[in-house]
Amino acid sequence: MNKKVLGYFFVVLFLIISVLLVNFTAKDPATAPEPKPLTVALLPDESPNTVIEKNMALKAYLEKALGMKVELVVTTDYTAMIEAMRRGNIDVGYFGPVSYVLLKSRFDGVKPFVAKKDREGNLTYHSIVIAGADTPIKTLADIRGKTVAFGDPASTSSHVIPKLMLIKDGGLKPEQDFEMRYLGAHDAVAIAVMRGHADAGGLGKHIFDSLVQRGIIDPNKVRVIKVSDPIPQYPFVMRTDLDKNLQAKIKQAFLELKDENVLKPLQAHGFGEITDKDFDIIRDAVKFLQIDLPKGN
């Protein structure tokens, strides 16, 4: 074999080996697994479609800030949300204070990291008890013998705090002095009271104000009977087994959030840091009402 033929042979051999190496090391984009999206659960305080539609700007913001896909989910109720996070099906969750306390009691591998601020920068909010404007109810005591609508049994401002007000401030005993109905969501409570399907009801003041502003509730048909003392705000909670760098990026994304299009659906004016200790007052309320809190795993 002369040198010229031998040269061609090595060139061809080199090209064949190069092609084989490329085919061996290259990954087919069509078959490469998609990175797991960050699953963010939002409050089940209105219909799931409404909640997700209102918060698409949050999804877009987080995807840009974190550089990864984000999936928004809304469970059927707080109990399902607690169980989904305990099982690892939710990475970040927007919980009510009581539902967070319930979650923490069942599963220690979570931590609250931020809560929303109100217009004055406070990390607290209020619950209210309302009654139909055409009822004789003017005070909490007037609810004796009436029907009271609540949201989810694990809801802070649509069950625990309103019930606490009825007991402590109204001098009433649940079941004995008033009938209770659980309707699942804050908006369902307000609508039931407005339509006369319940005499009174408890829900978050911020949600009631939003329902009035959006024209869903006619303020002339509903009367606010009592406003609660300040309650620790709804926390965003994350799993502690998430990558540490990702945890830091998630927290930073919320603390730096200024976009009104993202904040408005959450009825927030920014976010501030919170810790588990901030919810001790809620644990005390749950204990007073004798709500079962099994120990965490």
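Within region 252-297, the set of residues being under 20 Å from Leu66 (Cβ atoms) and at pLDDT below 95 comprises Pro265, Leu266, Ala268.
Within region 200-215, if we keep just the residues that are among the hydrophobic types (A, V, I, L, M, F, W, C) and touching a Gly at 6+ places or on another chain (Cβ under 8 Å), the residue that is farthest from Val148 (Cα to Cα) turns out to be Leu203. Reported count of residues in region 128-157, each being in a helix (DSSP H, G or I) and of a type in the set (Gly, Ala, Ser), is 2. Going by what's in this entry, would Asp118 be described as at pLDDT below 95, in the same structural domain as Gln267 (by TED's automatic domain parsing) and under 21 Å from Ile281 (Cα atoms)? In short, yes. Considered as a group, the residues in region 253-262 that are in contact (Cβ under 8 Å) with a residue 60 or more places away in the chain and in a helix (DSSP H, G or I) include one that is nearest to Gly96 (Cα to Cα), and that residue is Phe254. Of all residues in region 167-193, those being touching a Gly at 6+ places or on another chain (Cβ under 8 Å) and more than 20 Å from Leu43 (Cβ to Cβ) number 3. If you go through region 206-228 and keep only what is part of a loop (DSSP other than H, G, I, E, B) and not polar (S, T, N, Q), you end up with Arg214, Gly215, Ile216, Ile217, Asp218, Pro219, Lys221.
All told, Lys173 meets the bar of being free of Cβ contacts under 8 Å to residues at least 12 places away in the same chain, over 25 Å from Phe95 (Cα atoms) and surrounded by fewer than 19 Cβ atoms within 10 Å (Cβ to Cβ). For region 93-107, the criterion of being part of a loop (DSSP other than H, G, I, E, B), at negative phi and not assigned by TED's automatic domain parsing to the domain that holds Asn55 is met by none of the residues. Quick check: anything in region 229-242 part of a helix (DSSP H, G or I) and in contact (Cβ under 8 Å) with a residue 60 or more places away in the chain? No - not one qualifying residue is present in region 229-242. Scanning region 191-198 for residues that are in contact with a helix residue (DSSP H, G or I) (Cβ under 9 Å, 6 or more places away or on another chain), without any contact (Cβ under 8 Å) to a residue 60 or more places away in the chain and outside any loop (DSSP other than H, G, I, E, B) turns up at least one hit.
The values are calculated or read from the model by the stated rules, or taken from the named source; none is laboratory data. All of these numbers come straight from a predicted model, not from anything done at the bench. Note: ideal-geometry Cβ built from the backbone for every residue, glycine included; neighbour counts use all protein chains shown.
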